[in-house]
1. Let me know the shape class of the stretch 37-82, please: from the alpha-carbon gyration tensor, a ≥ b ≥ c as square roots of the eigenvalues, rounded when a/c is under 1.5, otherwise prolate if a/b is greater than b/c, or oblate.
2. Pairs of alpha-carbon atoms within less than 8 angstrom and 6+ residues apart define the contacts here; what relative contact order does the chain have, in percent?
3. Output the peptides 62-71, 175-184 sorted from most to least packed, where packing is the average of other Cβ atoms within 10 Å over each peptide's residues.
4. Mind running the shape call on the stretch 1-82? Use the C-alpha gyration tensor, a ≥ b ≥ c as the square roots of the eigenvalues: rounded below 1.5 for a/c, prolate if a/b tops b/c, oblate otherwise.
5. Run the numbers for residue 131 and residue 53: contour at 0.36 nm per residue of separation, minus the present Cα-Cα distance, in nm.
6. Sort 54, 159, 73, 33 by Cβ crowding within 10 Å, fewest neighbours at the top.
7. Order by neighbour count: 153, 139, 214, fewest other Cβ atoms within 10 Å first, most last.
8. Which shape class, rounded, prolate or oblate, goes with the stretch 9-247 when its Cα gyration tensor gives a ≥ b ≥ c as root eigenvalues, a/c under 1.5 marks rounded, and past that a/b bigger than b/c marks prolate?
């Protein structure tokens, strides 16, 4: 059975930049048709043009997955227009750091809405289609990849609620894995360490200033490094499930 993705369909959330965009390109390179889901339509259109020029088949879906109906509609449109759904990469997320004491709680709401609820809405809508794909050719296996973080393993001062959301992603993923693995839907957790993306730019200026020196002198990973790991996970033979990948820069200690 082929380890490549020809004849399959993938959906990637948070596809407008960073890990999501790089993953969409990588999955298309492996032969999957790819639904690109994010809020920034202009970025998605640019990404779609890149994939099309390389011979791939993209579908642009401008949607905010924190809205349950928008998430369900994105999944439904993917299946309607591309014919099936074999791979979902739940990548959309935000990292808003800072002390818990006197925190602006709207930041907590934003993280829980996107990192947790957006992932749950996407997964719940996709699961019936993933289960169906796992019963059919060309691969008879389907994949749900949850992009977490090293923050889902290690709690640190100044990232308490972000830690909470990512620990939650890991717990949900492991429970779901046990539920569906016998039906050949693989649930995999990918936990990046320090990556050069736009993620840190979402923080308040004073938080950015406090964290400015944290990665100084370290060669951080690039989005393509995580995309390569995700592609490895979803291109394994049907008999192989990669349950979890913790991937950090060589120089990152914790």
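All of the numbers you see were taken from the coordinates with simple rules; none came from a lab. Please read these numbers as outputs of a predicted model, since none were measured by experiment. Virtual Cβ from ideal backbone geometry, glycine too; neighbours counted across all protein chains shown.
1. Numbers: a/c = 4.29, a/b = 1.56, b/c = 2.75.
Taking the square roots of the gyration eigenvalues as a ≥ b ≥ c, the stretch 37-82 is oblate.
2. Details: 503 pairs, mean separation 51.6, N = 254.
The normalised contact order for the chain reaches 20 percent.
3. Values: 62-71: 19.0, 175-184: 13.6.
By packing density, highest mean first, the sequence is 62-71, 175-184.
4. Values: a/c = 1.93, a/b = 1.34, b/c = 1.44.
In terms of gyration-tensor shape, oblate.
5. Working: separation 78, 0.36 × 78 = 28.08 nm, distance 3.16 nm.
Length gained, residue 131 through residue 53: 24.9 nm.
6. Details: 54 11, 159 21, 73 15, 33 24.
Fewest to most other Cβ atoms nearby, the residues stand as 54, 73, 159, 33.
7. Numbers: 153 17, 139 24, 214 11.
Listed from fewest to most nearby Cβ atoms, that is 214, 153, 139.
8. On the way: a/c = 1.65, a/b = 1.48, b/c = 1.11.
Prolate, since a/c reaches 1.5 and a/b exceeds b/c.
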